[in-house]
Amino acid sequence: MSHKKVIVNPPATVANVVCGFDILGFALNEPCDELQLELSDEAGVQIVNNDEYNLPLDPEKNVSGAALLALLDAAPDVKGIKLTSKKIIKPGSGIGSSAASAAGAVVGVNHLLDNRFTKEELVQFAMFGEKVASGVKHADNIAPCIYGGVTLIRSILPLDIISLDAPTLHVTVVHPQIEVKTADARQILKQQVLLKDAIKQWGNIAGLVAGFLQKDYALIGRSLEDVIIEPVRSILIPGFDEVKEKSKEAGALGGGISGSGPSIFMLSKDNATALAVEKTMQDVFTRIGIDFHTHVTTINNEGVKVVSCE
Ligand code: HSE
């Protein structure tokens, strides 16, 4: 028996947004993955990879697969799901590749099921994918991928996601071709925080949220400061300090490590500045001699896009 197929484009995302470790994230208009999903008469989840990355085919070890298994548990009337995955967002890039795989898969199947699950339930399913990817169920890539825009994850248990209205922002991302595993980048973090640092961080997070809501670019810029995570993680990314300093000289409002890295992102008020920032990033990594990819894009307010269903 043939079933309907849906094609979805889940977007890349920037988690943390500098000062909001594990609680803030936003979606990007580019790059996006392409996933095709169909219900199947074969029990469980079958995965076909349509790219060069050789991601695991065992659903329990596959980010999309783990998310789909969680969804199947909540949909006993659905026998099986077939997923064909084409990754465009490079795994390990720090722009939410695993979240896109997990979120895209559950949003696609939900579309086939006439949207029986809420966005919040889809985030819950997709977080099983993040657990496979990094050992931890964080939602700061998943939530913006599913909701679009800028999201605040006030709490994971119970899940409490708040969409934040934000002004137009242009985003420049550089992905230096070095490997930083999220699990490792979490392992090296200190488990204790000094009160004086916590106070600065609280001020910045509150300032950033207020800056988004009030569309106050200057406030956004001066709140993009992280005194807790960035000083530890930035040593894993050669050229980080220089990229940050020179991007700001080129007019960026600010930025920092995207998720757990190695990508670095910068926010700008307009496209011309975002392009000047891209040039700066290219110059730094060319001089250091590390290959890189760049993206110049804007914040995606739609989340996972359903491209076709037939
Ligand atoms: N908040 C997570 C971290 C995002 O920084 O470890 C990982 O992409």
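A few notes on this one:
- Residue within region 211-220 that is polar (S, T, N, Q), surrounded by fewer than 18 Cβ atoms within 10 Å (Cβ to Cβ) and farther than 19 Å from I264 by Cα present: yes
- Reported count of residues in region 124-141, each being assigned to a helix (DSSP H, G or I), near the ligand (Cβ under 10 Å from one of its atoms) and surrounded by 22 or more Cβ atoms within 10 Å (Cβ to Cβ), is 2.
- Elements of type helices (runs of 4 or more DSSP H) contained in region 192-310, each with 2 or more residues being away from the ligand (no atom under 16 Å from the Cβ): 195-214, 217-223, 240-249, 271-288
- Candidates I81, I88: the one that is at negative phi and more than 20 Å from the chain's Cα centre (by Cα) is I81.
- Annotation: of all residues in region 147-168 being in contact (Cβ under 8 Å) with a residue 60 or more places away in the chain and more than 15 Å from the ligand (Cβ to nearest atom), the one that is surrounded by the most Cβ atoms within 10 Å (Cβ to Cβ) is Y147.
- Residue in region 1-41 that is farthest from the ligand (Cβ to nearest atom), counting only those that are surrounded by fewer than 22 Cβ atoms within 10 Å (Cβ to Cβ) and of a type in the set (S, T, Y): S2
- A search for C-beta distances below 8 Å between a residue of region 223-234 that is within 11 Å of G256 (Cα to Cα) and any residue that is surrounded by fewer than 18 Cβ atoms within 10 Å (Cβ to Cβ) and of a type in the set (A, V, I, L, M), counting only pairs 6+ apart in sequence or on different chains, returns I229/L189; R233/I188; R233/L189.
- Of all the criteria given as (1) at pLDDT 95 or above; (2) surrounded by fewer than 21 Cβ atoms within 10 Å (Cβ to Cβ); (3) not small (G, A, S), the one not satisfied by D184 is (1).
- Cβ-Cβ under 7 Å pairs, at least 6 apart or on other chains, region 184-209 side assigned by TED's automatic domain parsing to the domain that holds L224, far side more than 16 Å from the ligand (Cβ to nearest atom) and of a type in the set (S, T, Y): N204/S223; G207/S223; L208/S223
- Test: residue in region 78-94 that is surrounded by fewer than 22 Cβ atoms within 10 Å (Cβ to Cβ), closer than 25 Å to S234 by Cβ and in contact with a Lys or Arg (Cβ under 9 Å, 6 or more places away or on another chain): yes
- The set of residues in region 217-266 being of a type in the set (S, T, Y) and out of contact with any Gly (no Cβ under 9 Å at 6 or more places or on another chain) is empty.
The values are calculated or read from the model by the stated rules, or taken from the named source; none is laboratory data. Model, not experiment: these values are computed from the prediction. Every residue, glycine as well, gets a Cβ built from its backbone with ideal geometry; the counts of neighbours run over all protein chains shown.
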